[in-house]
Ligand SMILES: [Zn+2]
Ligand SMILES: [Zn+2]
């Protein structure tokens, strides 16, 4: 079923034309009324349609035109449900260096750095847990640092 329903995102629950309940989910944010056949979209479908027609649109253009919040749009991008079309306006930037990216949270370079930092933090945690025992451990954690 549609994963958006459990979250705080606009999803059509009744037909906007005839009021019949439970439009049928057709996929990629599209719904069809089982009574009159009227087609509706949830926030994801609305944003996706807009981006298809306006490939150069920026995040704020999309938000203004569709009424879908920047937060929701960003969420779709972060989850990689949407990908910014090549050559389009920059919709996302790396959370660290602000380089333009097409989906996710970090550029490739920063994603690598983040992964390394996380590994280093884990190693440091390990080091502090053994440092209480003092002598002879520094060499060991040094060696561990190089093993990666
Ligand atoms: Zn209907
Ligand atoms: Zn970056």
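The values are calculated or read from the model by the stated rules, or taken from the named source; none is laboratory data. Keep in mind that what you see is a predicted model, and the values were worked out from it rather than measured. Reconstructed Cβ throughout: ideal geometry from the backbone, glycine too, with neighbour counts over all protein chains shown.
Of note:
- Residue identified as within 16 Å of ligand 1 (Cβ to nearest atom) and at pLDDT 95 or above among 30, 35: 35
- Candidates 52, 125, filtered to the one that is modelled with pLDDT under 90, outside any loop (DSSP other than H, G, I, E, B), surrounded by fewer than 15 Cβ atoms within 10 Å (Cβ to Cβ) and assigned by TED's automatic domain parsing to the domain that holds residue 10: 52
- Filter result for residue 74 (under 16 Å from the mean Cα position of the chain (by Cα) and modelled with pLDDT under 80): no
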